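Okay, structure first, notes after.
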Amino acid sequence: MKTRKKLIIGLLFILPWLIHLGVFIGYPIVISFYYSFTDYSLLSAPEWIGLDNYKELLNEDDVFKIVVKNTLWYVIVVLPLNLIVALIIALLLDNKIKLLSFFRALFYAPHLLPIVVVGLVWRWIFNGEYGILNYILSSLGIYAPPWLASPSWIKPAIVLVEVFLVGQLILMYLAGLKNVPEEIYEAALLDGANWWYRVWKITLPMISPVIQFNLITQLISVFQVFAIPYVLTVAADAGYPVGGPGRASTFYVMYIWEKGFTGFRMGYASAMAWIMFIVIFLLTLTALRLGRRWVFHLGE
Amino acid sequence: MISKFSSSYHIVFKKVKIARLMLYIILILAGLMFFFPFFWMISTAFKRIEQCYTKIPVWIPKPIILDNFKEALKWIPLLRQTLNTVYISFMGAIGTTIASSLSAYGFSKVEWPGRDILFTITLSTMMIPFSVYMIPLYIIYRNLGFLGSFLPLWLPYWFGGAFNIFLLTQFFKSIPKELSDAARIDGCSEFDIFWRIIIPLSRTALALVFIFHVVFMWKEFFLPFLYLPRQDMWTLSIGLQALQGGTIKAPWNVVMAAATLISTPLLLIFIFAQRIFIEGIMMTGIKG
């Protein structure tokens, strides 16, 4: 009896969340799978077309191929870069330095700005003619490319902006680093361990849960990049709805949006979303499986 | 003996000193790179247009003008969009604070079968990419007639959010069991315990959830972009990107002035609530 009463009370407390789970997450996920097998223009009811969306995506849609390449390039470059840069900065900060709070705030601050602000400031910095970056480059005698107008240089520009935003990762690493007990380092020092050994054999394993957490959360968010490339390249007179010069910076979610919301092909867009979901799901699973081997939990 | 010690001591001391110097140099260089865009945004915001579009950059504007800020008001209906942004931010923050704390209480302070499984499911929803369910969600809102209003941007949060539930559950779990047990013996209902004991003890965590949501919504671009087609409903972020994405582009000094204006509330919150912010994020790092 007691248990039953507690069950009801517990469920009552989480009732809002249960509704959220069902209505705002669960049902949409299931129904989007259904939509992916339909042609749905919103003007009329969804029409079942079986695997046609998937066939078209994989065989006929040339833009899709470019979009997939762009997104894969982006993930392979930005994911490790963000994780490593943030880790290095966190390791540097974890040294009892003066003005720690100042530096920490400085590295985190960009993450706090509205993302459109970040995009626009960098859009100005990257400006081909009057941008400050090209001025610095040319006065150093280095080639100053028309960053945002060039299909070859737009991607590196986007990468640079994303690195600017690693502040949150840095803080996460710092939290993990703070939790490493001093005694371990002291013992290692007494044993004559040098800095490299300390970092590789002690620090990294001790913060491996944080590394894994960051890896997974970043994986999920990096695949869905949208705002920065959009703001860097948006132009009313461009020949494409979203995504930079010649589709060079059209990424996956941008293309989903384009097909679904400007092209009125919700079914097609849903199929795209599910392909991405499966890829992310498999990668996350892999990260978790691998984690069981190299993630070290204190107290195990 | 003494001189032998002191010479090797000096060598080690010097090595450490050089290493530390290099550490500071790298940090300062990296810091400058992170700081520069802020500096450049503000510098451009106070410039006359000729000093903006020149081949040789003007680092510090002379004279410093305020006109760009007034100009920005002509390009962006600042008041309207600020109200819109404030509205959805605060409405969502209030909702998520209430709903997430209720849910967190259910996940932490009440023992019921299936609780931990459901909690794990809750956590795993954070790993589902939004793109997977964004289309049906849009269609649901459309069918409910929500698309002409702000509802899609704040209503869902009145049913809780996975991250906030996670944060608050961990926090509530750290409140000693004895407090709730004693109250139960005294005949308090679970809701009483929630309202009179747990909530007052959780002020910091609740403030954190609230502020985080306000900041999150203020910064956000994609969600308003998705759900707000009508120009008079635009948030500040959408209005801002229209300065370069619209048919007529605003000059860069005006754009930077607008950007500075829009960022200021967030930076102010950060300066005053810095502690809460950094502690909050680091708390998730530890629990994560």
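The values are calculated or read from the model by the stated rules, or taken from the named source; none is laboratory data. Being a predicted model, the structure only gives us computed values, none of them experimental. When we count neighbours, we look across all protein chains shown, and the Cβ atoms used for this are built from the backbone with ideal geometry, even at glycine. Surface areas here come from the heavy atoms of the whole protein model, side chains and all, with no ligands, DNA or RNA. Shrake-Rupley method; radii C 1.70, N 1.55, O 1.52, S 1.80 Å.
Each Lys or Arg adds one and each Asp or Glu subtracts one; over the other residues with Cβ under 15 Å from the Cβ of A:Leu12, this totals +2. Counting only residues at least eight positions apart within a chain, or on another chain, the lysines with an alpha carbon under 22 Å from that of A:Lys5 are B:Lys109, B:Lys173, B:Lys177. Classify region B:164-229: rounded, prolate or oblate, from the alpha-carbon gyration tensor (a ≥ b ≥ c, eigenvalue square roots; a/c under 1.5 rounded; otherwise prolate if a/b is larger than b/c)? Note, shape of region B:164-229 comes out prolate.
Using a 1.4 angstrom probe on protein heavy atoms only, the contact between A and B buries about 8500 square angstrom of accessible area, both sides summed.
Need one word for chain B: rounded, prolate or oblate. Basis is the Cα gyration tensor (sqrt eigenvalues a ≥ b ≥ c); a/c below 1.5 gives rounded, then a/b vs b/c decides. Because a/c hits 1.5 or more and a/b fails to exceed b/c, chain B counts as oblate. Surface composition of region A:119-214: carbon and sulfur atoms hold 62% of the protein heavy-atom accessible area at a 1.4 Å probe.
In region B:234-277, which residues become less accessible by 30 Å² or more once every protein chain is in place, relative to the chain on its own, using a 1.4 Å probe? Residues meeting the cut-off: B:Leu240, B:Gln241, B:Gln244, B:Gly245, B:Lys249, B:Trp252, B:Met256, B:Ser263, B:Leu266, B:Phe270, B:Gln274.
Taken per residue, the accessible surface of the protein assembly as shown reaches 48 Å², heavy atoms only and a 1.4 Å probe.
The value of relative contact order for region A:215-273, using C-alpha pairs under 8 Å at least six residues apart, is 25 percent.
Under the convention that each Lys and Arg Cβ holds +1 and each Asp and Glu Cβ holds -1, the size of the dipole of the protein assembly as shown around its Cα centre is about 1280 debye. To the nearest 20 debye, what is the magnitude of the charge dipole of region B:138-231 about its Cα centre, counting +1 on the Cβ of each Lys and Arg and -1 on the Cβ of each Asp and Glu? Using Cβ point charges on Lys, Arg, Asp and Glu, region B:138-231 gives about 360 debye. Label point of B:Leu201 set 7 angstrom out along Cα-Cβ; within region B:112-126, amide nitrogens under 19 Å from it belong to B:112. The spacing between region B:122-186 and region A:199-273, judged by their C-alpha centroids, is 24 Å. A straight Cα-to-Cα reach below 19 Å connects B:Lys70 with the lysines B:Lys47, B:Lys62, B:Lys249, residues fewer than 8 places away in its own chain not being considered.
Summary: within chain B, the longest segment free of trypsin sites (Lys or Arg not before Pro) located in DSSP loops with at most 10 other C-beta atoms within 10 Å is B:56-229. In the protein assembly as shown, a dipole from Cβ-located charges (positive for Lys and Arg, negative for Asp and Glu) runs towards its positive end, and of A:Tyr34, B:Leu32, B:Trp218 it is B:Leu32 whose Cα lies farthest in that direction. Interface residues of region A:102-122, defined as those losing at least 50 Å² of solvent-accessible heavy-atom surface relative to the isolated chain (probe radius 1.4 Å), are listed as A:Phe103, A:Leu106, A:Phe107, A:Tyr108, A:Leu112, A:Leu113, A:Pro114, A:Val116, A:Val117, A:Leu120, A:Val121.
Could you look at region B:154-288 and say what percent of its accessible area is carbon and sulfur, using a 1.4 Å probe and all protein chains? Percent of accessible area from carbon and sulfur atoms in region B:154-288: 65.
What does the C-alpha gyration tensor say about the overall shape of chain A? Classify as rounded when a/c is under 1.5, otherwise prolate if a/b is larger than b/c, or oblate. Because a/c hits 1.5 or more and a/b fails to exceed b/c, chain A counts as oblate.
Short-range pairs are left out: with C-alpha atoms under 8 Å and at least six residues apart, the relative contact order of chain B is 30 percent. Sorting A:Trp73, B:Trp154 by solvent-accessible area of protein heavy atoms yields A:Trp73, B:Trp154, largest first, with a 1.4 Å probe. Region B:226-280 and region B:14-75 have Cα centres spaced 19 Å apart. When the helices of the protein assembly as shown are scored as -39500 (n - 2.57) per DSSP H run of n ≥ 4 and the total is divided over every residue, the value at 222 nm lands at -21000 deg cm²/dmol.
Legend: residues in region A:249-276 shielded by at least 40 square angstrom of accessible surface upon adding the remaining protein chains to the isolated chain (1.4 Å probe, heavy atoms) are A:Trp257, A:Phe261. A straight Cα-to-Cα reach below 27 Å connects B:Lys14 with the lysines A:Lys96, A:Lys98, A:Lys178, A:Lys201, B:Lys4, residues fewer than 8 places away in its own chain not being considered.
Counting only protein heavy atoms and a 1.4 Å probe, tell me what percentage of region B:32-149's accessible area is made up of carbon and sulfur. Result for region B:32-149: 73 percent of the exposed heavy-atom area is carbon or sulfur. Placing pseudo-labels 7 Å out from each Cα toward the beta carbon at B:Val12 and B:Phe36 gives an inter-label distance of 4.0 nm. Within region A:66-142, report the trypsin sites (Lys or Arg not before Pro) that DSSP leaves as loop and that have at most 15 other Cβ atoms within 10 Å. Those that pass, being in a loop and sparsely packed, are A:Lys96, A:Lys98.
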